[in-house]
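Derivation of every value follows stated rules applied to the coordinates shown; laboratory data play no part. None of the values given here were measured: they were computed from a predicted structure. With ideal geometry, Cβ positions are generated from the backbone for all residues, glycine too; neighbour counts draw on all protein chains shown.
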Amino acid sequence: MEKLLLVEHEKCTACRICELACSARQCGVINPAKARITVAIFLEDNFFFPVTCQHCEEPLCRDVCPTGAISKNPETGAVVIEESKCIGCRMCSAACPFGAISYCSPDGKAVKCDLCGGDPECVKFCPWDAIKFVEADSAMVRKRMEIGDKLKRALQEVKI
């Protein structure tokens, strides 16, 4: 069964431990600038949201890659980059609607979340349990329930 990262933004405190764990695993250094996950921080709204690759069903990054370096792993569902095919043209970065592809590798090639081969480091180290690695079906059910609950609360607020 395909799994994905589920972010519960209301639990995120912007501690950025996910960025540290990711950079250590992926690059061998503790440096948030090298992480494949970034915490978007909106201080004025007290809103924090870890942003990473969404491993899209039909990835735009894959579609625009002129060398075919980007593919979707049929077993894990992860969208991955084959470094040896990447020419560093940045077409994938321009196409990604989430800004999830960067170029922090020493040779100027694209890098992004690969779900750590099915064992995401960010999930293991999040002290607030804001990032989960769940089966895709259960994630969608949870999202629908959250949306339904928000709609219910909104309707109760406008009730006269």
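Things to note:
- Summary of packing: across the peptides 123-130, 16-23, the per-residue average of other C-beta atoms within 10 Å ranks them, highest first, as 16-23, 123-130.
- Assigned charges on the beta-carbon of Lys, Arg, Asp, Glu; region 1-128 dipole about Cα centre (debye): 340
- Charge dipole (region 3-134, unit charges on Cβ, about Cα centre) - positive-most of Pro106, Cys22, Met91: Pro106
- Exposure proxy order (Cβ contacts within 10 Å, fewest to most) of Thr13, Thr52: Thr13, Thr52
- Judged by the mean number of other Cβ atoms found within 10 Å, the most tightly packed of the peptides 64-74, 92-102 leads the ranking 92-102, 64-74.
- Averaging the sequence gap over all C-alpha pairs within less than 8 Å and six or more residues apart, then dividing by the number of residues, gives region 3-134 a relative contact order of 31 percent.
- Helical contribution to [θ] at 222 nm, DSSP H n ≥ 4, -39,500 (n - 2.57), averaged over the chain, rounded to 500: -9000 deg cm²/dmol
- Amide H contacts of Phe47 (H built 1.01 Å from N, under 5 Å, at least 5 apart or other chain): Phe42
- Per-residue Cβ neighbour rank within 10 angstrom, fewest leading, Arg36, Arg153: Arg153, Arg36
- Placing unit charges on the Cβ atoms of the charged side chains and taking the dipole of the chain about its Cα centre, the candidate lying farthest along the positive direction among Ile70, Ser138, Cys126 is Cys126.
- The P(r) of region 26-160 has a tail past 27 Å containing 30 percent of all C-alpha pairs.
- Sorting Leu151, Leu6 by the number of Cβ atoms found within 10 Å of their own Cβ, with the fewest placed first, yields Leu151, Leu6.
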